[in-house]
Amino acid sequence: MTHHQLFIAGAFVDGTGPGTYEVHSPATGELVGTVPVPSTADLDEAVRAANEAQAKWARLTVWERAAVCHRIADELHKRVEELAYLTVMEQGKPLSEALVDMEETALLFRLQADDATRVYGETMPSLFANKRMFTTYRPVGTWGIITPWNFPLHSVVEFVAPGLAMGNALVVKPPSNTPLSVLKAMEAFVAAGLPDGLVSVLPGDGTIGEALVRHPGIDAIGFIGSSTTGERIQAAAGLKRSIMECSGNGPLIVLADADLDAAAKAAVYGAHFLAGQVCCATERVLVHRDVHDGFVAAVLRAAEVVVLGDPFDPAVNLGPLNNEGVAAKMDRHVADARARGAKVLTGGGRRAGMPTDLYYEFTVIDDVPVDSLVSREESFGPVVPIITGVDDDDLLRIANDDELGLQGAVFTKDMGTAFRFFEEMAVGQVIVNDSTCYWDANMPFGGAGGRRTGWGRMGSKHTLHAMADVRTAVFGF
């Protein structure tokens, strides 16, 4: 067990808040670290330092900022194993997954640094002969960032890398239960020579989060988390600029001509990766009735590769859930599905005899009613809920009859059908013949308009644009 400090204005400090947070391992229950509770005075200092540092940072060339980002990537790469270990301790994901997270975290800095050097303005003709107009991009200022516990460091860097590359400063609030890898990563930022004040980290609960959102020195808000929390944050933020990446609910659609084994493996992967605690996890599987029986059999075969246990064991690919709230939600969803007549084919509960009560068995549920909780809500657990549709139109209707619209997938061998679902599914990304949990560090990721999934895009040039203002110059002569 180690004591970690807050990171404010380039220094590790205990701050002035009352007491500490305890961080416990979901895998073992042991106390793995303590972190000071930040005060509003600590927040004031972080914001003051950010505003001061940002004004100087914005005056540098994009090439100078990109060079610093590349140095941060180098330093993070040196610490991949240490940061992955901390992530497993505080989050509970298998070590194999955590190592990939850390490698990609460093990669994000490289990608965003390079992309930032290619963010170009434009010239446009004026209505008047004696005017010339052009645009450029300028940083917004100081961002307040609130991130979730499923990807503790990766989610932070999704904002910090493009934010720094575009000339912003950032004050980050990770959750109190998974702050250790984020705070440890700040050593890499210091070693890379990032100017003091550009990034501060104050872990905490909703109290410090609300203070961050409402702070007059914060110009914009970046958030990844649940739709319910996102709505509260946006209400508090008012007209401040924001990027909101919120909840998802699948779906993965299996059409009559699908490769059933491939679809089954994708569904199982999307449910056991990070124990299903991903916004684009396998939340609903919608299957054409003509292939239902074959698909269910394929899912049960594919599920045989899932091994629940110690996340440090190389043979394990399903670790514990992160917290009791998620486990209790899984209990409710499974119980509700059973009560409505659904069939639990495997799993369906917490595994006894484990170090903590957070180890949830990999679960497959068939004949799931569309009005059940496991269908209507984001379960965020290791579950494959199977819903049957009568034809393509019915499957598309069920897919879109949902208030969330983040990422979906469709399995088909017909290109025309694939394009139809791409055009008509109410999600931000459509993955053809792969898991809903597909992720690419260089793709724009976010929700569909009109849904409770947020707005803006994470990844590629789209986040760079979102974290900057278009500034227009008009010259007369």
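Values in this text are rule-based calculations from the coordinates and carry no lab data. What you see is a predicted model; the values in this text were computed from it and never measured. Backbone-built Cβ (ideal geometry, glycine too); neighbour counts: all protein chains shown.
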Subject >> Between region 96-172 and region 387-456, the alpha-carbon center distance in angstrom >> reply: 26 Å
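I need the semi-axes of the equivalent ellipsoid of the chain: take the C-alpha gyration tensor, multiply each eigenvalue by 5, square-root it, list largest first in whole angstrom.
Working: eigenvalues 293, 168, 68 Å².
Values for the chain, descending: 38, 29, 19 Å.
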**OP:** Set the Förster distance to 51 Å, then compute FRET efficiency between Asn442 and Ala235 from the Cβ-Cβ distance, nearest 0.05.
**Re:** 0.95
Subject >> GluC sites (Glu not before Pro), loop per DSSP, at most 12 other Cβ atoms within 10 Å - longest free stretch of the chain >> reply: 123-477
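How about region 373-420: which trypsin sites (Lys or Arg not before Pro) there are in a DSSP loop, with at most 14 other Cβ atoms within 10 Å of their Cβ? Please list the in-between numbers first.
Values: sites: Arg376, Arg397, Lys413, Arg420; in loops: Lys413.
Hits after loop and neighbour filter: Lys413.
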Original post:
Roughly how tilted is helix 152-165, in degrees to the nearest 10 and between 0 and 90, from the longest Cα axis of the chain?
Top reply: 40 degrees
Subject >> Cα centroid of region 354-373 to Cα centroid of region 215-275, whole Å >> reply: 20 Å
**OP:** Mind giving me the nanometre distance, one decimal, between the label points for Leu300 and Arg397, set 7 Å out from Cα along Cα→Cβ?
**Re:** 3.0 nm
Original post:
Okay, helix-only estimate at 222 nm for the chain: each DSSP H run of n ≥ 4 adds -39500 (n - 2.57), divide by all residues, round to 500 deg cm²/dmol; what do you get?
Top reply: -12000 deg cm²/dmol
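Using the alpha carbon gyration tensor of region 252-441, what are the three equivalent-ellipsoid semi-axes (square root of 5 times each eigenvalue), largest first, in whole Å? Please report the intermediate quantities before stating the final value.
On the way: eigenvalues 138, 58, 47 Å².
They are 26, 17, 15 Å, listed largest first.
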**OP:** Order the peptides 314-323, 167-176, 6-15 from the highest to the lowest mean number of other Cβ atoms within 10 Å of their residues.
**Re:** 167-176, 314-323, 6-15
Original post:
Label points 7 Å out from Cα along the Cβ direction at Glu22 and Glu210: separation in nm?
Top reply: 2.6 nm
**OP:** Among DSSP beta bridges whose residues both lie in the chain, state the antiparallel percentage, nearest 5.
**Re:** 40 percent
Original post:
Put a dot 7 Å past each Cα toward the Cβ at Asp313 and Asp14; how far apart are the dots in nm?
Top reply: 4.0 nm
**OP:** Two decimals is fine: what's Rg over Rh for region 165-219, C-alpha atoms, Kirkwood radius as Rh?
**Re:** 0.99
Original post:
Please state the equivalent ellipsoid semi-axes for region 70-191: what are the square roots of 5 times the Cα gyration tensor eigenvalues, largest first, in whole Å?
Top reply: 36, 14, 11
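Please tell me which of these pairs span more than 21 angstrom C-alpha to C-alpha: Lys173/Lys240; Lys93/Lys329; Lys93/Lys184; Lys184/Lys461; Lys56/Lys461?
Violating the 21 Å limit, Cα to Cα: Lys184/Lys461; Lys56/Lys461.
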**OP:** Please work out how much length the chain gains when fully extended from Val100 to Glu81, using 0.36 nm per residue of separation minus the C-alpha to C-alpha distance, in nm with one decimal.
**Re:** 5.8 nm
Subject >> Folded to 0 to 90 degrees: helix 415-424 orientation relative to the chain principal axis, Cα >> reply: 60 degrees
Subject >> Folded to 0 to 90 degrees: helix 260-272 orientation relative to the chain principal axis, Cα >> reply: 60 degrees
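Among DSSP beta bridges lying fully in region 252-441, give the percent that are antiparallel, nearest 5.
On the way: 4 of 22 bridges.
If I count the DSSP bridges inside region 252-441, around 20 percent turn out antiparallel.
If you stretched the chain out fully between Val470 and Glu30, how much longer would it get, using 0.36 nm times the residue separation minus the C-alpha to C-alpha distance?
On the way: separation 440, 0.36 × 440 = 158.40 nm, distance 4.92 nm.
Computed gain between Val470 and Glu30 is 153.5 nm.
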**OP:** Hey, can you grab everything whose amide H is under 5 Å from the amide H of Thr346? Only 5+ residues off in sequence or another chain; H modelled, so Pro and N-termini drop out.
**Re:** Val364
